[in-house]
Amino acid sequence: ANYCGTATINPAATINACTSSAGLTYAWSFPGGTPSSSSLPSPGAVNYTTSGNYTVSLIVSNECGASAVFQKPFLINDIPILTTTPLTQTICSGTATTLVNLTSDLPGTTFTWTATATPGITGFIVSGSTNLIPIQTIRTTNSSSGTINYVITPSLNGCIGAPSNYVINVNPAPSITTQPASSTVCQGGTPTILAVALSSTSGNPTYQWYSNTSNNTTTGTIISGETNPTFSPLSNTIGTTYYYCVISLTSGGCSSIKSDVATVIIANSARIVNQPQATQNLCVGSTIASPLTVTHSGGTGSSTYQWYSNSVNSTSGGTIITGAVNATFTPPVFTASGSNYYYVIITLSGNSCGNLTSAVAEIIVNNDPIIATQPLASQTVCQTAVPTNLEVIMADPTGIFSYQWYSNSVNNTTSGTIISGATSNIYTPPTPIAGTKYYYCIITQNGIAGCGITSATATVITNIAPNFTTQPVSNTLCLGQTTPLLNVAYANGSGTAQYQW
């Protein structure tokens, strides 16, 4: 029989002697064994501790002489030993293993292997009978590390070596649970601190932040000294900068992971580019034609507006105007004369953008102009006659006024028709057609919005011109006769007729 590694034999002799077995002598030889010889019929256990080819010899003698030499050869084979090193590797979930080449101290060794794994690990080959454990892409759904344990058994010439364990450590792939956040701030403000956090790590992660002028994670520039999970961007330069972090894992089979890009916009400080109109004049009973308006540029975030009124020309101490929260504001109709002051405060929600206060807008409210002399209330003229001029005289001799006369067929000052060219304070109505016409004048004070007044109506009655209905009759008489009475009569006209022969 052949043996593996070591052998213990228990030889015994069976002798067929020519006479009785009495007087037999035994000469056992065990080269390489322990003991190496014996004279006992049954020497007991003989131990061999090294591999090789061995032969057991026996010579038996008695009074008849010595027997022939009996020999029994046998073989002790070496037991193979797995010599692959190292017997472990560590990978990150979702990555490939390294090819495992199984080696032995004895050429020709064959191997069998089986694998068991921590629950949640998938993608591995469970058994094989080659000298290679193939490359495998292994994944774990666990939040902590797990293992695949390969039990490898070498064998050669029927000799099975001691099983060895080859362990693949599988770490969960890290993921970034906290990504850096984008922000927009005004110049000199404080951007949101950029921060990253990993779901799990194996080993000690190292951090390196990068800045970029483009929105990608490949062409950035290392930010010297920024090697922590958090980073505070500067805000002294206006523009857009992109930041990301590369997290390197020094062990655990996971190499590196990149964060998302965080966009940091540093905006111009806000400023007012269009102020509300500085000064406006108008009259009692009116309001401004166009709203007070403010516009601004720069800054960031949403803008909120609040208008204030004041009794003095100042942007402090004003009174909030309820509901005046837009970029434009129209005051209500003014009912009293005097100066009114308005301004607006713009609040920007962006980081460090602060508030903007507009200039003061002054609205001067004047009393309406007064007509000192109204046009002649009524007059009656004959057709084609020249009537008395219609004239309005203002009470304020220093004011500059514009005039526009209107004619009407009814006695009101609302539905008249503009008289083209009648833009003086004096107007002479035409009288080519008989009938009744009504005239009035609308006066506006130049440079002051809403300052105007309408005169009273002037009635001009134009009668048909008078004509003779009875003419004096010519007569021829003798000297001394009495002349007939000469008579005339007329129709139309107006007033009391006077006669002159």
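No lab work stands behind these numbers, since they all come straight from the coordinates. What you are looking at is a predicted structure, and each value in this text was computed from that prediction instead of being measured. Here Cβ is always computed from backbone atoms with ideal geometry, including for glycine, and neighbour counts include all displayed protein chains.
Worth a mention:
- Amide H to amide H, with H built 1.01 Å from N, Thr90 comes under 5 Å of Asn169, counting only residues 5 or more places away or on other chains.
- Pairs of alpha carbons in the range 2-77 separated by more than 19 Å make up 36% of all such pairs.
- Counting all C-alpha pairs of the chain, share separated by more than 36 Å (%): 73
- Extension gain for Ile176 to Val325 (0.36 nm times residue separation, less C-alpha to C-alpha distance): 49.3 nm.
- In plain terms, the chain from Gln498 to Ser311 could stretch by 60.4 nm, reckoned as 0.36 nm per residue minus the Cα-Cα distance.
- Thr414/Ala489 FRET efficiency (R0 56 Å; Cβ-Cβ; nearest 0.05): 0.80
- Panel values: the range 176-267, Kirkwood radius from alpha carbon pairs, Stokes-Einstein at 37 °C and 0.692 mPa s, translational diffusion coefficient 244 µm²/s.
- Backbone amide hydrogens, once placed in the peptide plane, bring Ala181 within less than 5 Å of Ala195, excluding anything fewer than 5 places away on its chain.
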